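Encoded as structure tokens, the structure appears first; notes follow it.
The values are calculated or read from the model by the stated rules, or taken from the named source; none is laboratory data. All figures in this text were calculated on a predicted structure; none of them were measured in a lab. Because the Cβ atoms are built from the backbone with ideal geometry, glycine has one as well, and the counts that use them run over all protein chains shown.
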Amino acid sequence: MYNIFMNNTEIVMGLYKSFGERDIKTIINILSPEVEWGEPNNPLNPAGGTRHGHAGFLEWLEVGRQSEDILELTPSKFISQDDMVAVVGHTKCLAKPTGKTYETDFIHLIAIKDGKVIRFQEFFDTYAAAEAFRP
């Protein structure tokens, strides 16, 4: 279903759809085996940092499941140029260790090569997230 005949925005929209459906098999199919998956380092958020390959993505996913619940993830704009798609949106999360929630706007920069996601980098309000994880 996800291949080089889809445009980059369609591939990225499929990624978000698959996340919403918790369809890990399809997500893995969208990601390159050499994918680089990153979000800002944050000493209070265990999901922070950059991970590599499918195994790294699955590790990030498991760490994320254990540490927070994504209550809302709403992409509002998809901006595509060349091999990059920027996604602008809003999220609301629950930090499981503290029971606190935080909300932040985000930008995801997603690079595509040969119909696969090769790089995902997230930018968001790390201060808001850190305060939610702070005991």
Scan segment 1-40 residue by residue and report those that are farther than 19 Å from residue 73 by Cα, part of a loop (DSSP other than H, G, I, E, B) and in contact with a helix residue (DSSP H, G or I) (Cβ under 6 Å, 6 or more places away or on another chain). 2
Could you pull out the residue among 64, 56 that is under 16 Å from residue 94 (Cβ atoms), of a type in the set (Gly, Ala, Ser) and surrounded by 16 or more Cβ atoms within 10 Å (Cβ to Cβ)? 64
Give 19, 57, 106, 78 a once-over and let me know the one that is under 21 Å from residue 133 (Cα atoms) and touching a strand residue (DSSP E or B) at 6+ places or on another chain (Cβ under 9 Å). 106
Selection count where residues are closer than 14 Å to residue 18 by Cα and of a type outside the set (A, V, I, L, M), scope segment 56-79: 2
Tell me, please, whether a residue that is buried (at least 16 other Cβ atoms within 10 Å of the Cβ), at pLDDT 95 or above and in contact with a Gly (Cβ under 7 Å, 6 or more places away or on another chain) can be found in segment 80-101. no
For segment 10-31, which residues satisfy the criterion of being farther than 21 Å from residue 124 by Cβ and either in contact with a Leu (Cβ under 9 Å, 6 or more places away or on another chain) or surrounded by 18 or more Cβ atoms within 10 Å (Cβ to Cβ) (or both)? 11, 14, 24, 26, 28, 30
Failed criterion for residue 48 (all others in (1) buried (at least 18 other Cβ atoms within 10 Å of the Cβ); (2) in contact with a His (Cβ under 9 Å, 6 or more places away or on another chain); (3) more than 27 Å from residue 114 (Cβ to Cβ); (4) not basic (Lys, Arg) hold): (2)
Residues of segment 3-29 that turn out to be under 22 Å from residue 63 (Cβ atoms), out of contact with any Ser or Thr (no Cβ under 7 Å at 6 or more places or on another chain) and among the hydrophobic types (A, V, I, L, M, F, W, C), as a count: 4
Given (1) of a type outside the set (Lys, Arg); (2) at pLDDT 95 or above; (3) farther than 28 Å from residue 25 by Cβ, index of the condition residue 124 fails: (3)
When you check residue 7 against the structure, is it within 14 Å of residue 121 (Cβ to Cβ), surrounded by fewer than 16 Cβ atoms within 10 Å (Cβ to Cβ) and among the polar types (S, T, N, Q), yes or no? no
Of the candidates 134, 119, the one satisfying the condition of being loosely packed, with under 14 Cβ neighbours inside 10 Å, in contact with a Leu (Cβ under 9 Å, 6 or more places away or on another chain) and of a type outside the set (Ser, Thr, Tyr) is 134
